[in-house]
Structure formats: structure tokens, C-alpha cells
1. Right, Arg381: surrounded by fewer than 18 Cβ atoms within 10 Å (Cβ to Cβ), under 22 Å from Gly185 (Cα atoms) and out of contact with any His (no Cβ under 9 Å at 6 or more places or on another chain) or not?
2. So if I check each of Pro82, Pro92, Pro96, which one is over 18 Å from Leu441 (Cβ atoms) and crowded, with 24+ Cβ neighbours inside 10 Å?
3. For residues in region 391-415 being part of a helix (DSSP H, G or I) and of a type outside the set (S, T, N, Q), which is surrounded by the fewest Cβ atoms within 10 Å (Cβ to Cβ)?
4. Can you name every residue in region 239-269 that is loosely packed, with under 15 Cβ neighbours inside 10 Å, in a helix (DSSP H, G or I) and either in contact with a Ser or Thr (Cβ under 7 Å, 6 or more places away or on another chain) or of a type in the set (A, V, I, L, M, F, W, C) (or both)?
5. Across region 312-330, which residue is nearest to the chain's Cα centre (by Cα) among those that are surrounded by fewer than 18 Cβ atoms within 10 Å (Cβ to Cβ) and in a helix (DSSP H, G or I)?
6. Would you mind finding the one in Ile266, Ile284 that is under 22 Å from the mean Cα position of the chain (by Cα), of a type in the set (Val, Ile, Thr) and more than 18 Å from Tyr184 (Cα to Cα)?
7. So which pairs qualify, if the first residue must be in region 204-227 and in contact (Cβ under 8 Å) with a residue 60 or more places away in the chain, the second must be in a helix (DSSP H, G or I), the Cβ gap must be under 6 Å, and the two must be at least 6 apart or on different chains?
8. Given the structure, is Asn422 over 25 Å from Leu155 (Cβ atoms) and either in contact (Cβ under 8 Å) with a residue 12 or more places away in the chain or in the same structural domain as Gln114 (by TED's automatic domain parsing) (or both)?
Amino acid sequence: MANPSQALGLLCDFIRFPSVSTDPSRASQVAACAHWLAAHLQSIGLSSEVHPTPGHPVVVGRNAHVAGRPTVLIYGHYDVQPEDPVGLWQSPPFEPQIRDGILFARGSADNKGQIFAHIQGVAQTLAAQGTLPVNLIFLIEGEEEIGSPNLESFLQAHREALRCDIIAVSDTSMVAPGVPTLTYGLRGIAAMEVRVKGPTMDLHSGIYGGAVRNPAVVLAQLLGSLHGKDGRVLVDGFYEKVLPLEVWEREAWAQVPFGEKEIEAITGAAAVGGEAEYTALERIWGRPTAEVNGIGGGFQGEGTKTIIPKEAFAKLTFRLVPDQAPEVILAAAERHLRAVCPPGVTLEVVPGHSGEPYVSDPHSAHGKAAQQALARVFPGRSVALTREGGSIPIVNTFQRVLGVETLLLGLALPDCRAHAPNENFPVANFEAGIRLNQTLLEELAKVTVP
């Protein structure tokens with residue numbers, strides 16, 4: 001079995017690549033990370049290939065397949081979010097540091113630490129036994145953080161080579177430290193940018209104020225119209241296709257050792273908010289939202305500049321639940337905004353990326369196998385069955401293109417600060433992830449599906 005410090009050192013080497021997929025200036029670093037990963041897969045005894053795409057490469061690794069064994073595909077991504085704002089990091093984002101048993105670096109939790117735990121689980125099994133109990137495929141892409149624009153066409157082109165019985169992904173979270181978690185649902189997403197344009201130039205607010213529509217004021221009115229005082233989204237038809245929560249779900253989630261107090265502590269929010277008739281976890285895991293991700297326009301410097309800005313913009317995302325369709329929600333939101341928008345300005349709505357929501361049956365044969373694997377790695381703790389508030393659009397694509405379900409076995413913690421400065425991943429969770437890979441493959445090898 002490999003030395004734990006050696007596995008951790010290799011993870012740090014993996015993290016040092018600034019594989020930011022959204023930054024064109026770093027395309028060579030993204031490609032270098034892909035080739036490093038492929039070489040590492042070969043070094044542990046798998047075959048590997050780096051497949052170019054119109055964007056960033058896809059890395060595929062596999063063992064020698066044996067007839068009669070089930071095939072498990074493990075998916076992950078090697079691209080990461082930008083590190084901005086760099087000044088808020090306590091240590092350089094691409095120079096991993098371990099403080100109090102926690103690894104700090106961009107990508108440590110999302111997703112390099114989690115996918116590398118699976119890789120090291122396979123490495124240790126092959127080193128000890130020379131074989132795996134299943135036929136295995138690693139599929140690791142470099143564009144997840146920009147919506148996986150080229151992965152569906154890759155799946156279509158390689159459908160036969162990627163044929164499998166079940167998919168496993170560790171790109172989600174545990175509900176609390178030491179609590180094994182199986183996620184069986186994900187919210188979808190639909191993004192848009194809203195631009196309000198007024199005069200052809202910034203105007204003197206004293207000379208023209210009160211006579212010319214202020215795009216920043218109009219934008220604020222539009223954004224304010226999205227929600228009622230009770231937290232509900234006011235877009236007509238927004239809740240029309242939303243599936244109600246099952247009774248067993250609400251009962252199970254009520255037992256999860258994570259709630260409003262923990263959310264307030266982690267986020268620093270003075271209080272939680274949202275739809276009054278739902279708990280905080282129910283809002284995150286089972287209810288749709290409309291969020292403002294950013295606002296811009298007008299003077300942003302020190303002091304005062306008395307202008308009416310010529311334009312203002314906002315970036316919006318809608319988190320969706322079964323059975324909401326991204327294109328339907330985007331169209332409804334645009335109709336709402338245009339109906340509210342007053343005359344005197346021009347409204348532009350630009351659709352962004354989208355992904356469908358996903359839900360599976362955690363009580364299926366594969367779901368039970370995953371729960372058994374989690375119980376073995378975290379003995380004495382009940383397995384939490386949850387949904388995830390975030391989105392992994394490719395999971396729904398797997399279901400549609402490959403025709404198989406996905407097991408989501410999170411290893412990060414709620415305070416991992418994914419996408420934010422000081423992203424982190426406990427070393428203990430990395431080591432538990434190595435064991436989870438080994439027990440998961442053992443349990444999945446036992447599954448017989450009619």
C-alpha cells in the first residue's frame with residue numbers, strides 16, 4: 001500500500017497546475033495538467049488517453065476489462081475556478097499548504113482532492129492485489145467549471161467505449177464532518193445577463209436628473225420585482241412544474257445534523273431567509289431560486305461622481321428542481337422583466353449556460369451498495385440521504401446519453417469554501433476517500449441488476 005504522505009504529495013503536485021478553464025491565457029496549463037494526469041494513471045497500472053476537444057482535453061483511463069464484471073465509470077474534473085480575489089487568500093492559491101490537518105489550495109475540494117482520492121484508491125488496490133473487482137473507466141474533463149460545453153459531444157462520439165452499469169462522482173459535500181452522505185439529486189441551473197441601457201453617454205445628474213430614466217434605478221426595480229416579501233419568486237409560472245417534496249425526504253432531512261445555526265455560522269449571515277413554509281435545508285435541496293450574482297454600472301471609484309449612468313447590468317442565475325426546464329424558466333423570466341421594465345430605457349436579456357436538475361432513487365440496488373460502502377468507511381454513523389443545492393449539469397447528460405444513473409458520494413465539507421478564497425479539504429477526508437473508493441468498488445461488484 002502506498003505511503004499516505006506520498007499520496008498527499010502527489011495530490012499537491014496535481015493542485016499546483018493553475019488549470020483555470022475559463023481563462024484563455026492558462027490554456028497551456030490546463031493542457032499540461034491533463035497530460036500529467038494521464039501519465040499518472042499510466043503509472044498506477046491503467047491505460048490512459050488524452051482526447052482533444054474544441055476546448056480543453058478529456059482524460060480517459062481504464063483497467064483491463066474482464067467479461068462478466070460490472071463496469072463502473074468514475075467521473076471528475078481537473079479544471080478549477082479562478083482564484084480571484086487573490087488578496088483574500090491566507091496562502092498562495094496554487095501553492096498547497098496544510099494547516100491543522102486541512103489542505104488549503106484552489107481545487108483542493110472542487111474537484112482535484114475528491115477525484116484524486118478515487119485515483120489513489122485504485123492505485124492502492126492495484127498495488128496490493130494486481131486487479132480490481134470491477135471493470136473501471138475514469139472520465140476526467142477540463143471544462144466542468146464552464147458548463148462542460150464539449151463533453152456531451154464527446155460522450156456521443158465515444159458512447160460504446162464508455163458503456164457502463166453505474167457512474168460514481170465525488171464532487172459534492174458531506175452534510176457535516178464524519179457524516180457519510182449519499183446525494184441523490186442536484187438542482188439545475190439557468191443563467192442570464194440583464195442589461196438596461198439609457199442615454200448614449202453618462203449624464204450630469206443635476207442637469208438631467210428627473211428628466212431622463214436612470215438605468216441603475218430601473219435595474220434595481222427589475223431585480224426587486226423578482227421576489228415577494230415571503231421569499232417566493234414572482235415570475236409567472238415559475239413553480240408550475242416543481243415536484244413536491246416526498247414525505248420521507250422531509251422526515252429524513254429533518255434528522256440531518258446540519259441546519260440554520262450551522263449555515264449562519266459558516267456563512268456569517270445574520271439569519272437565514274427564504275420561503276417561510278420550508279426549512280433551510282428544504283430550500284437548498286428541494287426548492288428553486290432566483291439569485292442575483294452580480295451588479296454593475298455607473299461610477300465605482302472613490303468619492304462621488306454625480307452622473308446618471310448610461311447603462312447598468314446584472315447577472316442572474318435560477319437554481320432549478322425537478323421538473324423545471326431551463327429554457328422554459330429563462331423565457332418566463334425574460335417575459336417578467338420586459339413586463340416590469342418602464343419606457344425610456346432599452347432592456348437586453350442575454351441567456352447564459354444552463355443545466356437540467358437531476359434526481360435518482362437512493363434505494364435502488366446501486367444506491368444501497370453505495371450506502372453500504374459509506375457505512376463501512378464511516379462505521380457507527382447513519383448515512384445521510386440528501387440532495388445538493390448546486391449543479392453538476394453533466395450528471396443529467398450521463399443519464400440521457402449513456403442511460404445510467406449516477407451515485408454522488410461527497411467528501412468535501414460544507415465550509416470547504418469552493419469557488420471562494422481559502423478553499424480547503426481535510427486530509428482525513430482525502431484518506432477516507434481513498435478507502436471509500438476501495439469499498440465502493442467492492443460493493444458495486446456484488447450488485448446484480450435484472
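1. yes
2. Just a single option satisfies the conditions, and that option is Pro96.
3. Per the stated criteria, the residue is Arg400.
4. Quick first cut of region 239-269, residues loosely packed, with under 15 Cβ neighbours inside 10 Å only: 239-240, 243-244, 246-248, 251, 254-255, 257, 260-261, 264-269.
From the residues that got through so far, the ones that are in a helix (DSSP H, G or I) too are 247-248, 251, 254, 260-261, 264-267.
Residues satisfying the conditions are Val247, Trp248, Ala254, Ala265, Ile266.
5. Taking the candidates together, the pick is Glu327.
6. Values: Ile284 fails: more than 18 Å from Tyr184 (Cα to Cα).
After ruling out the rest, the residue left standing is Ile266.
7. The qualifying pairs are Leu222/Leu337; Leu222/Val340; Ser225/Val340.
8. Here the answer is yes, as Asn422 does meet what is asked.
The values are calculated or read from the model by the stated rules, or taken from the named source; none is laboratory data. Given the structure is predicted, the values throughout are model-derived calculations rather than measurements. Here Cβ is always computed from backbone atoms with ideal geometry, including for glycine, and neighbour counts include all displayed protein chains.
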